[in-house]
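The values are calculated or read from the model by the stated rules, or taken from the named source; none is laboratory data. Quantities reported herein were computed from a predicted structural model and do not represent experimental measurements. We place every Cβ from the backbone using ideal geometry, glycine too, and count neighbours over all the protein chains shown. Just so you know, the surface numbers come from the protein's heavy atoms only, side chains and all, with ligands and any DNA or RNA stripped out. Shrake-Rupley method; radii C 1.70, N 1.55, O 1.52, S 1.80 Å.
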Amino acid sequence: MAALENGVLVEVETNTGVQQGTVRFIGRTQFAPDEWIGVELFTQSGKNDGSVGGIRYFSCSPGFGVFIKPLRVRPLVMNAKIRTLTNEVTTVQNILNESTGPQ
């Protein structure tokens with residue numbers, strides 16, 4: 001399973017159901033104790049723009065941001081597939097560069 005880090009695509013359990021988005025923040029906040037995950041949702045079903053109480057934790061359009069406890073966030077399986085494909089493309093690019101020489 002992919003680790004939670006900035007940029008990872010995730011599913012989150014919100015009060016309105018399961019949503020998908022991108023991790024934009026991981027850490028402690030001023031608004032509540034413990035660690036929180038800031039997620040930019042794919043749809044305008046969030047609660048904020050990445051800021052709470054005048055403190056900016058990340059930036060997104062208004063209504064697309066949410067803060068979720070880590071236990072309610074799951075990386076999407078596609079992250080591992082995307083990472084694997086990216087590595088394969090990089091390998092092919094390196095092979096092509098070596099075979100054609102400097103440009």
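For the chain, the Cβ-based charge dipole about the Cα centre amounts to some 220 debye (Lys, Arg positive; Asp, Glu negative; other atoms uncharged). Summary of packing: across the peptides 31-40, 91-100, the per-residue average of other C-beta atoms within 10 Å ranks them, highest first, as 31-40, 91-100.
When a/c reaches 1.5 or more, the comparison of a/b and b/c decides; with that in mind, is the chain rounded, prolate or oblate per its Cα gyration tensor? In terms of gyration-tensor shape, prolate. Ligands, DNA and RNA left out, the accessible area of the chain computed with a 1.4 Å probe is 55% carbon and sulfur. Pairs of Cα atoms under 8 Å, at least six residues apart: use those to get the relative contact order of the chain, whole percent. The normalised contact order for the chain reaches 25 percent.
Treating r as the C-beta distance of residue 11 and residue 97 and R0 as 35 Å, the FRET efficiency rounds to 0.40.
For region 1-45, what class follows from the C-alpha gyration tensor (a ≥ b ≥ c being the square roots of its eigenvalues): rounded when a/c is under 1.5, otherwise prolate if a/b is larger than b/c, else oblate? Don't skip to the answer; put the middle values down first.
Working: a/c = 1.86, a/b = 1.21, b/c = 1.54.
It is oblate, given that a/c is not under 1.5 and a/b is not larger than b/c.
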